[in-house]
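Following: one structure in structure tokens, then a few remarks.
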Amino acid sequence: MSDGMIGFGTELHRSSDEGATYNDTGMEVKEISPPNMSKDTVDVTHMKSPNRFREFIASLRDGGEFSLVVNYVTGDDTGIADLMADFASDDAGYYKIVFPDTTEWEFRAHITEPEFGVPLEEEIEVTFTGKVTGEPVLTLAAAA
């Protein structure tokens with residue numbers, strides 16, 4: 001039997017005190033993508049590289065981007081208003097994605113792209129994309 005899990009129950013938390021405390025945004029999250037980190041490499045191939053194979057060394061890491069899709073819900077007390085304020089700010093926000101098993105991705109990010117989708121016969125959604133700045137920290141849940 002698999003120990004895999006579904007994403008149901010995953011939450012986006014936000015801090016308004018520079019990461020001292022986090023609170024659930026309260027948004028109706030439909031989909032969330034944690035930071036898609038990457039690492040650059042530098043080609044250091046030279047005239048005597050073994051067997052004429054290219055050689056690489058590690059370079060800088062990039063925290064990538066995160067994104068989430070939420071149902072549009074009106075009111076100033078929704079996380080949508082907070083993320084729109086984060087978009088208007090030049091400062092990176094403090095965020096944490098909390099999985100159902102309590103695994104956490106904690107990171108800072110600039111909200112770069114709020115996108116409202118307003119179809120004729122389906123729910124209105126808002127997609128937020130954020131550029132991660134610095135190192136995202138993954139804290140895995142303790143084994144059961």
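The values are calculated or read from the model by the stated rules, or taken from the named source; none is laboratory data. From a predicted model like this one, the values you see are computed outputs, not experimental measurements. Cβ atoms come from the backbone with ideal geometry, glycine included; neighbour counts cover every protein chain shown.
Every residue in segment 31-89 that is of a type in the set (Lys, Arg) and farther than 20 Å from Gly130 by Cβ, please.
Correct list: Lys48, Arg52, Arg54.
Looking at segment 50-73 only, could you name the residues that are surrounded by 12 or more Cβ atoms within 10 Å (Cβ to Cβ) and among the hydroxyl-bearing types (Ser, Thr, Tyr)?
Answer for segment 50-73, where residues must be surrounded by 12 or more Cβ atoms within 10 Å (Cβ to Cβ) and among the hydroxyl-bearing types (Ser, Thr, Tyr): Ser67, Tyr72.
In this structure, does Ala92 turn out to be under 18 Å from Tyr22 (Cβ atoms) and modelled with pLDDT under 95?
No; evaluated as a whole, the condition is false for this residue.
So which residues in segment 91-105 are assigned to a strand (DSSP E or B) and within 9 Å of Thr139 (Cβ to Cβ), if there are any at all?
Glu104, Trp105
Go through Val70, Val132 for me and flag whichever is within 17 Å of Thr10 (Cα to Cα) and touching a residue at least 12 places away in the same chain (Cβ under 8 Å).
Testing whether each residue is within 17 Å of Thr10 (Cα to Cα) and touching a residue at least 12 places away in the same chain (Cβ under 8 Å) leaves just Val70.
Among the numbered criteria (1) without any contact (Cβ under 8 Å) to a residue 60 or more places away in the chain; (2) part of a loop (DSSP other than H, G, I, E, B); (3) in contact with a Phe, Trp or Tyr (Cβ under 7 Å, 6 or more places away or on another chain), which one does Thr41 miss?
Exception for Thr41: condition (2).
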